[in-house]
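The values are calculated or read from the model by the stated rules, or taken from the named source; none is laboratory data. Quick caveat: nothing in here was measured; it's all calculated off a predicted structure. Because the Cβ atoms are built from the backbone with ideal geometry, glycine has one as well, and the counts that use them run over all protein chains shown. Quick note on the areas: whole protein, heavy atoms, side chains included, nothing else; ligands and nucleic acids left out. Shrake-Rupley method; radii C 1.70, N 1.55, O 1.52, S 1.80 Å.
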Amino acid sequence: MTIKPLIILPDPLLRQASKPIEQIDTEIQRLADDMLETMYDAPGIGLAAIQVGVPRRLLVIDVAREGEEKKPLVFINPEIVASSDDRSVYEEGCLSIPDYYAEVERPARVTVKYLDRSGKEQITEADGLLATCVQHEIDHLNGVLFIDYISRLKREMVIKKFTKAAKAKAL
């Protein structure tokens, strides 16, 4: 397994919509394994393929708490098919927007249809942190970032900060 470099804001790739995966082969299996390794190394609880520079509809999640046994989940071509009317607020962060956190309100529960690693269709009912994480990662597949849910002023400040840092790093 390989730890992949993360794509960081303001990279325009983060705004690109990811394409569906047509066939689950060894390349996709290896990508999922590399993404899990990258996510654990970061450390994070979710990672979309676009965040490692691959615009495909694949994400990995593990919301097990520190000290608990790892429970890695792989979602291929995930789609939210239902969401609750009730909402929940979590402080979200993102491996592609390091060290920035903001409260985001999302549906408290979602139903997700996806393919597992073997290509079998699955349906998962998610609530709590898993529901928030699934929605956050599926947003990435659609070119949406969690900062899109905060005020325009705060979002512009974050983008400006990361743009300045990227320019300084390029020098």
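Accessible surface computed residue by residue for the chain, with neighbouring protein chains in place and a 1.4 Å probe, gives 56 Å² per residue. Across the alpha-carbon atoms of the chain, the computed radius of gyration and Dmax are 15.7, 48 angstrom.
Determine the distance separating the Cα centre of the range 132-171 from the Cα centre of the range 22-47; give it in Å without decimals. The range 132-171 and the range 22-47 have Cα centres spaced 22 Å from each other. Legend: calculated FRET efficiency, Ile80 to Ala42, from the Cβ-Cβ distance at R0 = 25 Å, rounded to 0.05, equals 0.55.
On the accessible surface of the range 1-151, probed at 1.4 Å, how many percent belong to carbon and sulfur atoms?
Its accessible area is 47 percent carbon and sulfur atoms.
If you count, for each residue, the other Cβ atoms within 10 Å and average over each peptide, how do 108-115, 46-53, 81-88 line up from highest to lowest? All intermediate terms of the calculation are to be shown ahead of the outcome.
Details: 108-115: 19.1, 46-53: 24.9, 81-88: 12.1.
For the peptides 108-115, 46-53, 81-88, the packing ranking is 46-53, 108-115, 81-88.
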